Amino acid sequence: MLIMPSSSRVVLEKRPMAKFGWMIATFGVMYAIASLVGFGLFLLINPTTMWIGVFTLMPVVSAALMRWYLAKMQFSRKETLRESLYLVGAWIAFSFGLDAIVYILIVPRVNHTSPNWRFFAEQSPWIWLSYLALVVAGYAARLMYLRSCRE
């Protein structure tokens, strides 16, 4: 742990593994919420409602978790752009990979069908827009974090 001289707050050292761990943890929370909401709306109502729910709720949840990550790591104002871009890039990569594993391999296996190699094509453009929503969430998170640094 490192104590900043101008503050009595204790902050984490910005070690790469600590940052990576928090990236994964915040992503995991977001992905779990998105999956529960998505599956719930899909199974209970219909696919259109699922996408509306995902695009309404998840940018807000994602921005809040990304802002929390920036605050937890206590990046300087100067570091926030680079770190926000890293975070968004990591989340998109994690999301793409996990979507592929879950929706191409696991869900078809649970349903006793063959792997759905056309998942991304079948979900287009919505799946791609959900990744774009992460970019918007990252921008919003950075703005919220910078605003909190001024206070």
Selection within the stretch 124-144 - assigned to a loop (DSSP other than H, G, I, E, B) and of a type in the set (G, A, S)
S124
Take the conditions at pLDDT 90 or above and either within 20 Å of V37 (Cβ to Cβ) or part of a helix (DSSP H, G or I) (or both) and apply them to A121. Does it pass?
no
Inside the stretch 88-110, can you point out the residues that are under 12 Å from Y31 (Cα atoms) and among the hydrophobic types (A, V, I, L, M, F, W, C)?
W91, I92, F94, F96, L98, V102
Where M30 falls short, out of the listed (1) surrounded by 15 or more Cβ atoms within 10 Å (Cβ to Cβ); (2) of a type outside the set (K, R); (3) modelled with pLDDT under 90:
(3)
Can you give me the number of residues within the stretch 114-151 that are farther than 21 Å from T49 by Cα, without any contact (Cβ under 8 Å) to a residue 24 or more places away in the chain and of a type in the set (D, E, K, R)?
4
For I101, which of the numbered conditions (1) surrounded by 12 or more Cβ atoms within 10 Å (Cβ to Cβ); (2) part of a helix (DSSP H, G or I); (3) of a type outside the set (D, E) fails to hold?
(1)
Per the filter on the stretch 36-58, residues touching a residue at least 12 places away in the same chain (Cβ under 8 Å) and within 17 Å of V107 (Cβ to Cβ) are V37, G38, L41, M50, W51, V54
Reported set for the stretch 48-80 where residues are over 16 Å from T26 (Cβ atoms), β-branched (V, I, T) and either in contact with a Gly (Cβ under 9 Å, 6 or more places away or on another chain) or at pLDDT 90 or above (or both) is V54
R77 - would you say it is touching a Cys at 6+ places or on another chain (Cβ under 7 Å) and either part of a helix (DSSP H, G or I) or not polar (S, T, N, Q) (or both)?
yes
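The values are calculated or read from the model by the stated rules, or taken from the named source; none is laboratory data. Note that the structure is a prediction, hence the values are computed from the model and not measured. Note that each Cβ is placed from the backbone with ideal geometry, even for glycine, and that neighbours are counted across all protein chains shown.
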